[in-house]
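The values are calculated or read from the model by the stated rules, or taken from the named source; none is laboratory data. Because the structure is predicted, anything quoted here is derived from the model rather than measured. Positions of Cβ are backbone-derived with ideal geometry, glycine not excepted, and every protein chain shown enters the neighbour counts.
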Amino acid sequence: MSATESRIPPGVRYMVLSALGFSIMALFVKLAGKRLPTQEIVLSRAVIGLALSYVHLRRRRISPWGTRRGLLVVRGFLGLAGLFCFFYSVTHLPLAEATVIHYVNPVLTALLAALVLKEALRPQVLVSAAACLAGVLLVYRPAFLFGAATSGLDLLTVTIGLGGACFSALAYITVRTLSRTEDPLVIVFYFPLVALPATLPTVIGVALWPTPLEWLYLLGVGLFTQVGQVFLTKGLQHEPAGKAMTIAYIQVFFAAAWGVIFFGDRLTAGTIGGALLILLGVALLGLRSSGAARRPPVARPETLD
């Protein structure tokens with residue numbers, strides 16, 4: 001091991017590798033989405049995820065069905081809604097902007113947890129939420145704030161992206177509740193178990209037969225999601241959740257690089273400023289758990305991770 005590697009904690013390395021894996025997944029989603037409909041990409045993700053999750057459960061000799069099946073199904077539908085919205089925003093927005101908008105979900109999770117789980121709503125959560133809202137407005141650049149000449153993003157697509165972040169936050173809250181009684185692998189398994197039959201009817205009539213290159217893109221979506229999930233789990237074993245969320249935000253910068261390299265995206269001052277504001281919001285949120293004891297990792301919602 002080199003001297004540089006020895007100075008980098010393993011949890012940090014794992015979270016950076018996780019962010020890299022998820023950013024490559026988003027890159028493949030955008031490449032596949034040039035021609036293929038979003039629901040077809042979601043369906044392929046569900047098929048690969050179902051196979052991989054089932055293999056993991058079999059290896060561990062764990063029953064896949066769980067005990068709180070109704071809530072597990074709800075978690076599956078929330079994860080599916082979040083994934084669909086994120087994939088749609090990735091295919092219709094520049095990669096950096098889509099990723100920035102999605103990354104408000106940690107703060108949304110804290111806000112919704114206060115409403116749903118009755119967790120304490122600390123002042124820094126409200127400050128984090130305000131920073132994230134300001135960040136999203138900088139990325140979106142609405143005409144009523146920035147003038148009619150502003151080249152803002154499409155409102156509907158931004159709204160769908162924010163909807164994906166909300167669904168992801170709700171999915172994570174559900175995961176936190178389920179993690180008290182269910183094995184993390186069972187929670188992860190229920191996403192593709194619900195997503196596959198739910199997505200299949202929406203694909204009928206609109207699906208296109210992928211080209212050989214598009215088959216590789218679809219395979220890449222599934223495989224790099226799995227890579228990201230594996231390193232995320234390892235990272236959460238070494239770092240508190242708040243710090244891990246902040247490190248994971250490096251995915252925004254990976255996404256920006258892929259956008260410039262593969263799609264000729266231009267990074268605007270609004271996008272950079274918005275990303276930094278949302279990063280600040282996530283970092284402030286992470287301070288809540290910076291001194292907390294490390295806990296065993298739980299399954300994350302099926303969005304970026």
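Screening the candidates Val55, Val74 for the property of being of a type in the set (A, V, I, L, M) and free of Cβ contacts under 8 Å to residues at least 12 places away in the same chain yields one hit, Val55. Based on this model, can you work out whether Thr174 counts as β-branched (Val, Ile, Thr), surrounded by fewer than 24 Cβ atoms within 10 Å (Cβ to Cβ), touching a Lys or Arg at 6+ places or on another chain (Cβ under 8 Å) and modelled with pLDDT of 90 or more? Taking the combined requirement at face value, the residue satisfies it.
If you go through the stretch 160-183 and keep only what is among the small types (Gly, Ala, Ser) and in a helix (DSSP H, G or I), you end up with Gly161, Gly163, Gly164, Ala165, Ser168, Ala169, Ala171.
Applying a threshold of 8 Å to beta carbon distances and a minimum spacing of six or more residues, or different chains, the list of pairs starting in the stretch 219-236 at a residue that is closer than 11 Å to Ile41 by Cβ and ending at one that is in a helix (DSSP H, G or I) and among the polar types (S, T, N, Q) reads Val221/Ser44; Gly222/Ser44. Checking every residue in the stretch 147-159 against the condition of being over 21 Å from Lys30 (Cα atoms), part of a helix (DSSP H, G or I) and at pLDDT below 90 gives zero matches. Can you find, within the stretch 267-293, the residue that is modelled with the highest pLDDT among those that are touching a helix residue (DSSP H, G or I) at 6+ places or on another chain (Cβ under 8 Å) and exposed (fewer than 14 other Cβ atoms within 10 Å of the Cβ)? Here the residue is Ser290.
Can you confirm whether Gly21 is in a helix (DSSP H, G or I) and over 16 Å from Ala198 (Cβ atoms)?
Numbers: in a helix (DSSP H, G or I): yes; over 16 Å from Ala198 (Cβ atoms): yes.
Against the criterion (in a helix (DSSP H, G or I) and over 16 Å from Ala198 (Cβ atoms)), Gly21 qualifies.
For the criterion of being surrounded by fewer than 22 Cβ atoms within 10 Å (Cβ to Cβ), within 20 Å of the chain's Cα centre (by Cα) and assigned to a helix (DSSP H, G or I), Ala129 passes.
If I ask for residues that are surrounded by fewer than 18 Cβ atoms within 10 Å (Cβ to Cβ) and assigned to a helix (DSSP H, G or I), which ones from the stretch 228-266 would you list?
As a first pass, look at the stretch 228-266 and keep what is surrounded by fewer than 18 Cβ atoms within 10 Å (Cβ to Cβ): 230, 237-238, 250, 253, 257, 260-264, 266.
Selection gives Val230, Gln237, His238, Ile250, Phe253, Ala257, Val260, Ile261, Phe262, Phe263.
Is there a residue in the stretch 76-95 that is surrounded by fewer than 22 Cβ atoms within 10 Å (Cβ to Cβ), part of a loop (DSSP other than H, G, I, E, B) and of a type in the set (Gly, Ala, Ser)? The answer is no, given that none of the residues of the stretch 76-95 is surrounded by fewer than 22 Cβ atoms within 10 Å (Cβ to Cβ), part of a loop (DSSP other than H, G, I, E, B) and of a type in the set (Gly, Ala, Ser). Of the residues screened, Gly49 is not one that is part of a helix (DSSP H, G or I) and either farther than 26 Å from Val186 by Cα or within 13 Å of the chain's Cα centre (by Cα) (or both).
Inclusion of Tyr14 among residues that are touching a helix residue (DSSP H, G or I) at 6+ places or on another chain (Cβ under 8 Å), in a helix (DSSP H, G or I), at negative phi and surrounded by fewer than 17 Cβ atoms within 10 Å (Cβ to Cβ) is not warranted.
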